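This report concerns only the one structure given below.
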Amino acid sequence: MAKMRFLQLSDTHIGRGDNFENIQVVVDGIVEKKDEHQCRVIVWTGDVVDDGHKWQYKQAKQIKDQLTQAGFEVIAAPGNHDYGPQGIFESNRAKSRFHKFLHHDDDYPRVDLIDGVAYITLDSMEKEMADVEFPGAEGELGVDQLTELDYTLGELHSNSNVKKIVVALHHHPFYFRQFLALRDGDKLKKVVGNNDEHGARIHALVFGHKHYLNRLAEKEKKYKIPIIYSSNKTTSVKKNSAGAAVYKISVIDLEANSCDILEINA
Ligand SMILES: [Fe+2]
């Protein structure tokens, strides 16, 4: 039986600086180290591209295709930068490109059931885009999407093929800085978190946006969600403990409840 684990990519910002070259190195490493990380699912939590331009999406699709051809399943949730320049000037044209180039289904919450794991992706820009307001990098899921999520979780809980449930989105639900927050993060926590004596309704909540790698242990306890995890910016070069330049890719294991780092030489 396939392992219930996945790799998380986030905030790749393809189109800015060397990010396209960097993600190519990362993808080569992921393919080469298949036996080491033992994942076949990749969850890409938004800001895939930097400005929503077509040429950027063409590069992103090239990356996705390379992974797909190597046998990986790639699941992507959109971020604020995917929908427009500087992550604040959203347009329907940029939004349509995310779905044209990366995923044909734009009706969220979206569910991909792979190897006993239901991966639910959310669009944290859905309600944000519907409202005209002062430009910022906030997100908002909206009541409609949260109501659907609630219903979807009910359905998945009565499906015996579903062993684990992952919710993935771009915006960080525990980051409250002005112009960057997920406006309805508290409502999301009510839907997925510890509502009653039965505990939480999901096994992992993963996101990006803040470019900060962090497992939120206190929040896991509070909401009784086994894994709450914020990814770093995948295309940033970091130093490892030996001082070498590496990319740090998150490896999340839903059976062991572990979050490890796969290092790829930069
Ligand atoms: Fe973002």
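The values are calculated or read from the model by the stated rules, or taken from the named source; none is laboratory data. Note that the structure is a prediction, hence the values are computed from the model and not measured. Every residue, glycine among them, receives a Cβ derived from its backbone with ideal geometry; neighbour counts consider all protein chains shown.
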Handout entry: Residues satisfying the stated conditions in the range 202-226, i.e. away from the ligand (no atom under 16 Å from the Cβ), surrounded by 22 or more Cβ atoms within 10 Å (Cβ to Cβ) and under 17 Å from LEU122 (Cα atoms)
Key = ILE202, ALA204, LEU205
Exercise for the section: Confirm whether LEU169 is within 16 Å of the ligand (Cβ to nearest atom), under 18 Å from the mean Cα position of the chain (by Cα), touching a residue at least 60 places away in the same chain (Cβ under 8 Å) and within 24 Å of GLY87 (Cβ to Cβ). Expected result: yes
Fill in the blank from the handout: The number of residues in the range 177-201 that are charged (D, E, K, R), surrounded by 16 or more Cβ atoms within 10 Å (Cβ to Cβ) and part of a loop (DSSP other than H, G, I, E, B) is 3
Problem - Those residues of the range 47-73 which are farther than 25 Å from ALA245 by Cβ and not in a helix (DSSP H, G or I), in sequence order - result: ASP51, GLY52, HIS53, GLY71, GLU73
Problem - Contacts under 8 angstrom Cβ, first residue in the range 119-132 being without any contact (Cβ under 8 Å) to a residue 24 or more places away in the chain, partner buried (at least 18 other Cβ atoms within 10 Å of the Cβ), 6 or more apart - result: GLU126/TYR108; GLU126/GLU140; GLU126/LEU141; GLU126/GLY142; GLU126/GLN145; ALA130/GLY142; ASP131/GLU140
Fill in the blank from the handout: Per the filter on the range 213-247, residues at pLDDT 95 or above and of a type in the set (Phe, Trp, Tyr) are TYR229, TYR247
Problem - When residues of the range 80-107 are limited to those that are touching a residue at least 40 places away in the same chain (Cβ under 8 Å) and among the small types (Gly, Ala, Ser), the one nearest to the ligand (Cβ to nearest atom) - result: GLY87
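Pick from the range 2-32 the residues that are at negative phi and in a loop (DSSP other than H, G, I, E, B): which of them is nearest to the ligand (Cβ to nearest atom)?
Filtering first and then ranking leaves SER10.
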Exercise for the section: Scan the range 24-50 residue by residue and report those that are closer than 26 Å to LEU113 by Cα, of a type in the set (Val, Ile, Thr) and either under 13 Å from the mean Cα position of the chain (by Cα) or surrounded by 15 or more Cβ atoms within 10 Å (Cβ to Cβ) (or both). Expected result: VAL26, VAL27, ILE30, VAL41, ILE42, VAL43, THR45, VAL48, VAL49
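The rows are residues; the columns are (1) within 16 Å of the ligand (Cβ to nearest atom); (2) in contact (Cβ under 8 Å) with a residue 24 or more places away in the chain; (3) among the acidic types (Asp, Glu).
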{"residue": "HIS37", "(1), (2), (3)": "no, yes, no"}
{"residue": "ARG40", "(1), (2), (3)": "no, yes, no"}
{"residue": "TYR57", "(1), (2), (3)": "no, yes, no"}
{"residue": "GLN62", "(1), (2), (3)": "no, no, no"}
{"residue": "ALA70", "(1), (2), (3)": "no, yes, no"}
{"residue": "ILE75", "(1), (2), (3)": "no, yes, no"}
{"residue": "PRO78", "(1), (2), (3)": "yes, yes, no"}
Fill in the blank from the handout: In the set LYS239, LYS189, LYS221, the lone residue that is under 23 Å from PRO109 (Cα atoms) and free of Cβ contacts under 8 Å to residues at least 40 places away in the same chain is LYS189
Exercise for the section: Name the single residue, out of those in the range 124-135 being surrounded by 13 or more Cβ atoms within 10 Å (Cβ to Cβ) and not in a loop (DSSP other than H, G, I, E, B), that is nearest to the ligand (Cβ to nearest atom). Expected result: GLU128
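One line per residue, one yes/no per condition, for (1) outside any loop (DSSP other than H, G, I, E, B); (2) under 19 Å from the mean Cα position of the chain (by Cα); (3) basic (Lys, Arg):
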| site | (1), (2), (3) |
| --- | --- |
| LEU113 | yes, yes, no |
| ALA137 | no, yes, no |
| LEU146 | yes, yes, no |
| ASN159 | no, no, no |
| VAL162 | no, no, no |
